[in-house]
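Quick note: the coordinates plus some simple rules give every number you see, no bench work behind them. For clarity, every value in this text was computed on a predicted model and none was experimentally measured. When we count neighbours, we look across all protein chains shown, and the Cβ atoms used for this are built from the backbone with ideal geometry, even at glycine.
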Amino acid sequence: MKIAVFSDAHSNIHALEAVLADIRRQKPDAMVCLGDTVGYASQPAACVARVRELGCPVVLGNHDEAVFSEADPAESMNHTAVAGIRHSRHQLTEDDLDWLRALPMDVKTSEAAFTHASLCDDYPWLYVLDHDDAERHFLAQRKRICFCGHTHRPGVWIKEPGEWIAFKRGEGTVALPKTGKVLINAGSVGQPRDGDPRACYAMFHVEEKKVEFRRVEYNVEAAVLGILRAKLPRFTAERLVGAV
């Protein structure tokens, strides 16, 4: 069985379409979207429509929540993120917003748990960036394997029984341990931040106990032009080129 897991499209329809085309070629048995379909780039409505028509499980991301929330995003987000939220609010229909409101915080199947940021309830939208963050997450993880996004950096966190937490970069194919707990970050479709500007997603090979990190070329120039034409922050465009 193969499960395609993708996250953080962030209104970048060019990257999303390229990833979905690659997923189709891989012929997985299932797909899961880890949220943050909107925010940052110029085409939130197109991305929402595309994800909705897939009919696959989708979880709520923090940018998704910020778009339908009545709170001022400037209270918790930086200027670049706020601009993307406000742009998304203007572009999405009430039906789109209702769909976002109905998304769950996590999804659990027989194969794995799926969430946007972390399963840790004590730290809303926790960024799992170091060993302390991973420890907080693992305390809440009940299933052996969990997938997340949020940091835009692919990788695998491993906690063996009685062992220190280990981290492996999300490159190529990573064999998963047979024991302990595993947290897999699927990276970002629409705004990678690991130095590689190509779109990223993960393919989970269930029986083989491995995860394949797939990088996909897409029309970055078109995405950049859309951001600039929408008068969104230039840094949003620069991030796609430099993947910083």
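In table form, for the structure just shown:
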quantity: Rg/Rg_ref, the range 160-233, where Rg_ref = 2.2 N^0.38 Å and atoms are Cα; calculated: 1.45
quantity: Over the range 1-141, equivalent-ellipsoid semi-axes from the Cα gyration tensor in Å; calculated: 23, 22, 13
quantity: Per-residue ³J(HN,Hα) for the range 202-210, Karplus 6.51 cos²θ - 1.76 cosθ + 1.60, θ = phi - 60°, Hz, x for Gly and Pro; calculated: 10, 10, 8, 8, 5, 5, 6, 6, 8
quantity: Ranking of K27, K159, K108 by count of other Cβ atoms within 10 Å, fewest first; calculated: K27, K108, K159
quantity: Amide hydrogen neighbours beyond the local backbone of A117, cut-off 5 Å, H modeled; calculated: G149
quantity: For the chain, alpha-carbon Rg over 2.2 N^0.38 Å; calculated: 0.95
quantity: Shape of the range 68-150, Cα gyration tensor, a/c cut at 1.5; calculated: oblate
quantity: Environment charge of G172, counting only residues whose C-beta is closer than 11 Å and scoring Lys/Arg +1, Asp/Glu -1; calculated: +3
quantity: Folded to 0 to 90 degrees: helix 131-140 orientation relative to the chain principal axis, Cα; calculated: 80
quantity: Share antiparallel - DSSP beta bridges, the chain, percent rounded to 5; calculated: 70
quantity: Qualifying aspartates and glutamates (Cα of each under 13 Å from Cα of K27; at least 8 residues distant if same chain); calculated: none
quantity: Within straight-line cross-link reach of K159, lysines at Cα separation under 27 Å, skipping those fewer than 8 residues along the same chain; calculated: K2, K108, K143, K168, K178, K181, K209, K210
quantity: Whole-number percent relative contact order across the range 2-242, with pairs defined as alpha carbons under 8 Å at least 6 apart; calculated: 23
quantity: C-alpha long axis of helix 79-91 to longest principal axis of the chain, angle in °; calculated: 70
quantity: Centre separation in Å (Cα based) which lies between the range 23-62 and the range 78-153; calculated: 13
quantity: Cut-off 13 Å between beta-carbons: net charge of the residues surrounding P154, Lys and Arg +1, Asp and Glu -1; calculated: +2
